[in-house]
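Enquirer: Have a look at the structure that comes next, please.
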């Protein structure tokens, strides 16, 4: 694993030519200090409140998408993968109104992009932690393209926008990418690796040194995975919020939405 050499980019209300060029080449980009440490703490409070509420309600799905549960370092039940979070929390919803998010659809030009707050899985919150009872401490190689196929749609460009809530140097696990693979052909997009079950490091993969408050963006057609932390317990914890930027046909979700087929498949995969 080598670390992706990324300039000290900051996100404003308009992307620069250098930022657009970097993303076009690599399929991934990092914007440092997108939010302050105080904002990180405010978001974590809201996430903890939402988690407590949903566990108390016995909620297992949101808009047809299953929640993923596990246990923390103290054996307490936690939600390790939330979905549509901003539709159920006003602070998270207001956070997505930050005007800087409106600059990001330029990364999918000439397609018209939009923030998918109520599409796909909406605002996803991943809470990775490595404990004996954790069900979510890593994620195997995948692209996000098969979701379109399972829905009977043409594969369209999309972005995963990650807001990172914990420090995570590359040595502590976290995101791994095969840069440039967002431009691969359809056969490599679908068959270059075994989706989700392949957790093996790739000689060409790159990692990132992340600090709480950073924002990352990666093209959904890029091969990527999440490396498991070498540590256990609290030191392994890594919390990230993801909101998609979507192109193509709009499919809004609600409480009557059916569970997409690919979630039935993923539920059988041991992370």
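The values are calculated or read from the model by the stated rules, or taken from the named source; none is laboratory data. Source: prediction; values computed, not measured. All Cβ positions, glycine included, derive from the backbone under ideal geometry; neighbour counts span all protein chains shown.
Enquirer: For residues that are out of contact with any strand residue (DSSP E or B) (no Cβ under 8 Å at 6 or more places or on another chain) and more than 25 Å from residue 20 (Cα to Cα), scanning just region 149-172, find the one that is modelled with the highest pLDDT.
Expert: Once the filter is applied, the top-ranked residue is 171.
Enquirer: Tell me which residues, restricted to region 150-200, are in a strand (DSSP E or B) and more than 23 Å from residue 241 (Cα to Cα).
Expert: Those that are in a strand (DSSP E or B) and more than 23 Å from residue 241 (Cα to Cα): none in region 150-200.
Enquirer: Can you confirm whether region 207-221 contains a residue that is in contact (Cβ under 8 Å) with a residue 24 or more places away in the chain, in a loop (DSSP other than H, G, I, E, B) and over 27 Å from residue 95 (Cα atoms)?
Expert: Looking through region 207-221, none of the residues is in contact (Cβ under 8 Å) with a residue 24 or more places away in the chain, in a loop (DSSP other than H, G, I, E, B) and over 27 Å from residue 95 (Cα atoms).
Enquirer: Only residues that are surrounded by 14 or more Cβ atoms within 10 Å (Cβ to Cβ), outside any loop (DSSP other than H, G, I, E, B) and either in contact with a helix residue (DSSP H, G or I) (Cβ under 7 Å, 6 or more places away or on another chain) or at pLDDT 95 or above (or both): list them for region 247-271, please.
Expert: Scanning region 247-271 gives a single hit, 262.
Enquirer: Suppose we filter region 1-56 for residues that are in a loop (DSSP other than H, G, I, E, B) and either without any contact (Cβ under 8 Å) to a residue 40 or more places away in the chain or more than 21 Å from residue 175 (Cα to Cα) (or both); how many remain?
Expert: Total meeting the criteria: 11.
Enquirer: With respect to residue 92, is the statement that it is assigned to a helix (DSSP H, G or I) and buried (at least 17 other Cβ atoms within 10 Å of the Cβ) true?
Expert: Taking the combined requirement at face value, the residue satisfies it.
Enquirer: Among the listed residues 73, 60, which satisfies the condition of being touching a strand residue (DSSP E or B) at 6+ places or on another chain (Cβ under 9 Å), farther than 29 Å from residue 8 by Cβ and free of Cβ contacts under 8 Å to residues at least 12 places away in the same chain?
Expert: The match here is 60.
Enquirer: Next up: In region 229-262, which residues are more than 23 Å from residue 62 (Cβ to Cβ) and out of contact with any strand residue (DSSP E or B) (no Cβ under 6 Å at 6 or more places or on another chain)?
Expert: The answer is 230, 231, 233, 234, 235, 247.
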